[in-house]
Amino acid sequence: MTSNPTSDRRTFLKSSVTAAAALSLCPQNIIKSSEQTKMPFRFVHLTDIHVQPELSAAEGYRKCIAKINALNPRPDFAITGGDLIMDALHTDLGRAKTEFDIFDKCSKDFELDVYHTIGNHDVVGWSSKGKVSKNNSSYGKQIFTERYGQGKTYRSFDHKGWHFIILDSIGQNKDNPDYFGHIDDAQMDWLKNDLINTGTKKPIVVVTHIPFLSTLDQNLVGIKKPVPTYGLVTNYLTLRKLFVPYNVQLVLSGHGHIRERIEVMGTTHIQSGAVCGKWWRGRLFGESEAFGVVTCKNNSFEYQFQDYGWTAKTS
Ligand SMILES: [Zn+2]
């Protein structure tokens, strides 16, 4: 087909006029990207859900989702923080799939977009006590990748002038089936490019299941033993140096089921407690089952823990 420049120009002008008219009718569409960061919005971070058939966990998770749906103002989206199910590391595949199915069924209650982070308990068989063979096609991160990651275990997106990076912090060495906290080389390369494309001005939220920093071990076992490699992201120092030129405001994590806030070197690290509390057996460290609500505005944020009113059903 040959091109007709006059006709193309007329079509362009007509569509431009139509677009301009549409914009004048919808002033919210004229907001410049530089002004987007001034638009307040909220999102929730709910982590360590550990859905399972027992202990009324599905009922508890649905109660948590109902609380999120009812928040006023309504959050723009939710981010789950990993450990979506009770456990895929040590169980057989049938049990793991049952738990993922329960999680999926409950998650249909969400009335907003949801982005998922992978946790260690969402990885099939990565344990010296695992029951799923390395040769099984579901071994590892396949189920998470297909169901929750749109083909990946890490990704990023923009929202109203902010940049969100969801990491996969679950690593595995060649000679040891047990997981440990790690950002692998391929992901680190992707992250470097993602940050370059984001630029140094845009505020960034990073989500990781395993924390970069935490005082959990000091609180529980003191300082005589080093923090185990499954407790923190072992190559955090590389990340910290990588983040220096960028506007990384907030790092959200889970894994320890503790409520914790650490502010250091211009970045706030928050661990959002646990939706399941003490694995659906009540409070842990005296804290109720909860999630985090983050309000972003003017290149800064506010964070609050939100109880959703669950009482454990252990009998
Ligand atoms: Zn975990």
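Things to note:
- Additional length obtainable on full extension of the chain from D92 to T238, 0.36 nm per residue less Cα span: 49.0 nm
- Segment 274-315-segment 189-254 distance, computed between alpha-carbon centres (Å): 21 Å
- Accessible area ranking (1.4 Å probe, heavy atoms, ligands and nucleic acids excluded), largest first, for S137, S156, S169: S137, S156, S169.
- Accessible area, probe 1.4 Å, largest first, for residues K141, K201: K201, K141
- Helix-only arithmetic for the chain: the sum of -39500 (n - 2.57) across DSSP H runs with n ≥ 4, divided by the residue total, places the mean residue ellipticity at 222 nm at -8500 deg cm²/dmol.
- For the set L232, L252, the ranking by accessible area, highest first and with no ligand, DNA or RNA atoms included, is L232, L252 under a 1.4 Å probe.
- Set of lysines with alpha-carbon distance to K224 below 30 Å, sequence-local pairs under 8 removed: K129, K174, K241, K278
- Whole-number accessible area per residue in Å² for segment 35-307, which is evaluated in the context of all protein chains at 1.4 Å: 44 Å²
- Here segment 35-307 has 48 percent of its accessible surface on carbon and sulfur atoms, given a 1.4 Å probe and all protein chains in place.
- The chain: relative contact order in percent, alpha carbon pairs under 8 Å with at least 6 residues between: 19 percent
The values are calculated or read from the model by the stated rules, or taken from the named source; none is laboratory data. Computed from a predicted structure; not experimentally measured. All accessible areas refer to the heavy atoms of the entire protein, side chains included, with ligands and DNA or RNA removed. Shrake-Rupley method; radii C 1.70, N 1.55, O 1.52, S 1.80 Å.
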